[in-house]
Ligand code: NAD
């Protein structure tokens, strides 16, 4: 059983708490850790430590700050297997998926290591005779991240490396469902030897989050999670005068045109819909076939769904793991029943899955709902499980209109061999992340992670230059040095 502690001011601390949250291995159903639900006092201690560390960290030259990131990157790489095993054991995904997640985390450390170049300002000489104008980027102070359960290792790294590299001090609150991964990562952060108070971690749930949202020393907040909570975080933290970005939920469509490479479309859509058991914010959850694409795609995707091997993520044969917990399994199975009650057929039904040897696990096998109707509850609702809904229209215009009629706009994909269709789609579709013959259009670390509509609240996004802009404030200086003042030496 892993002991979950807070990390404040360079020290591991056990908070005095009234409640713990049981962390369960979704494959076995066994309790593997208990998350302390920290109260406002722990947030206060972390925010104070970070505020005290800020002046010296800010004055540390950028090229010295990134030396800590180089060391962190090497430690993350050297320990990737141990971290990935922890991700599998607390989130349920396969070891391969966990490792791929950590590769993405490390890439963000690498990109942030370019901060001496990325953070540079601008200067214009002679904006008027003898007057120059300078723009600098300066850090904000103490900044915080509130993370979701589905990428315990990667998502904090959309922010942590950029926040630190730009000279802020930092506080992360991992999801109470998956705290173990960040315990391991913080042991590495401890080895790196950042100055005390520069990087902090507080574990907990709503009470902890509310204390972060209300703390006057915390200047900016990044959040990733469900849309209802994202909306709440955005309004409460911005009402408190903080800079906020809040990434929310999704219901990602893929459109399959008749001229698509059908084998590729089926294989990639299945990977997108059922990879990580559908618990990815970029998972495809609506497949819209156009015209003659319908029969071949539907038959092929049903075969791909029923042929997927489901099991414990550390078993090398497993292609898909468990969903996060029993409440999630029940919710997903109820949503499948709701879809059926609304008139969808269920040609592949993953309910009541039992995996031999893992009878205590919370598994849902890949599921296909066919003939889902626009406007139905199952069409509207983010399922966040391995369930793909099939829909059919006659033209690409109808397909794009259907995709755009959804409140979410995290990702949309198209399968086609037509450049003109691809261009029309990327021009018209209302989503921040777009895939053309790609099922999970996850932006690399040097691009922003750009959800739209109800998938995002804020303006600047995570990763890359957006993160650099988010964690810095611009200062513009206008200077006059009259030439008559020039002394002769
Ligand atoms: P969640 O919203 O339940 O929890 C996210 C975080 O918010 C956790 O740290 C949790 O402790 C905290 N939280 C939960 N309820 C709260 C409340 N009422 N008040 C204050 N804080 C609260 O999300 P989750 O179930 O952990 O993650 C899954 C969701 O995240 C899905 O909706 C998924 O689409 C979304 N997600 C989005 C992205 C993206 O980039 N847009 C990426 C990953 C996940």
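What follows draws every value from the coordinates through simple rules; no lab data is involved. What you see is a predicted model, and the numbers here were worked out from it, not measured in a lab. Note that each Cβ is placed from the backbone with ideal geometry, even for glycine, and that neighbours are counted across all protein chains shown.
Taking every alpha-carbon pair under 8 Å whose residues sit at least 6 apart, the range 117-229 reaches a relative contact order of 30 percent. When only Cα pairs below 8 angstrom with a gap of at least 6 residues are kept, the range 252-436 shows a relative contact order of 28 percent.
Evaluate E = 1/(1 + (r/R0)^6) for residue 327 and residue 377, where r is the Cβ-Cβ distance and R0 equals 22 Å; express this FRET efficiency to the nearest 0.05. Intermediate values should be presented prior to the final figure.
Working: r = 19 Å, r/R0 = 0.86.
Once the sixth-power term is evaluated, E becomes 0.70.
Entry note: the range 252-436 has Rg to Rh equal to 0.96, where both radii use alpha-carbon atoms and Rh is the Kirkwood radius. Over all directions, the projected convex hull of the C-alpha atoms in the chain averages 26.3 nm² in area.
Distance from the alpha carbon centroid of the range 341-406 to that of the range 172-222 works out to 35 angstrom. Sorting 364, 440 from the fewest to the most surrounding beta carbons within 10 angstrom yields 440, 364.
Starting with the fewest neighbours, write out 302, 281 ranked by other beta-carbon atoms found within 10 Å of each beta-carbon. All intermediate terms of the calculation are to be shown ahead of the outcome.
Details: 302 19, 281 28.
By the 10 Å Cβ count, ascending, the order reads 302, 281.
The relative contact order of the chain comes to 19 percent, based on Cα pairs under 8 Å that sit 6 or more residues apart. Between residue 187 and residue 128, the distance separating the two model label sites (each 7 Å from Cα on the Cα→Cβ line) works out to 6.2 nm.
Compared with the dominant Cα axis of the chain, that is its longest principal axis, helix 419-428 is turned about 60°. Reported to the nearest whole Å, the Cα centre-to-centre distance from the range 262-310 to the range 26-72 is 39. Let me know the shape class of the range 133-256, please: from the alpha-carbon gyration tensor, a ≥ b ≥ c as square roots of the eigenvalues, rounded when a/c is under 1.5, otherwise prolate if a/b is greater than b/c, or oblate. It is rounded, given that a/c, with a ≥ b ≥ c, falls under 1.5.
For the range 410-489 versus the range 122-137, the spacing of their alpha-carbon centroids is 26 Å. With respect to the chain, whose longest principal axis is taken over its alpha-carbon atoms, helix 262-274 is tilted by about 70°. With equal scatterers on the alpha carbons only and no solvent term, can you work out the Debye log10 of I(q)/I(0) for the range 397-489 at 0.11, 0.20, 0.22, 0.25 1/Å? The computed values of log10 I(q)/I(0) come out as -0.47, -1.00, -1.11, -1.26. With Cα atoms as the point set, the radius of gyration and Dmax of the range 368-444 evaluate to 12.7, 34 Å.
Seen against the Cα atoms of the chain and their longest principal axis, helix 180-192 is set at about 30 degrees.
Please arrange 286, 171, 136 by how many other C-beta atoms lie within 10 Å of their C-beta, fewest to most. Each step should come with its number before you reach the end.
Working: 286 23, 171 28, 136 15.
Placing the least packed residue first, the sequence is 136, 286, 171.
Considering helices alone, the calculated mean residue ellipticity of the chain at 222 nm is -11500 deg cm²/dmol, with DSSP H runs of length four and up weighted by -39500 (n - 2.57) and normalised per residue.
Sorted by average packing, counted as other Cβ atoms within 10 angstrom per residue and highest first, what order do 19-28, 220-229 take? It would help to have the intermediate numbers written out before the result.
Values: 19-28: 19.9, 220-229: 22.6.
Packing order, densest peptide first, comes out as 220-229, 19-28.
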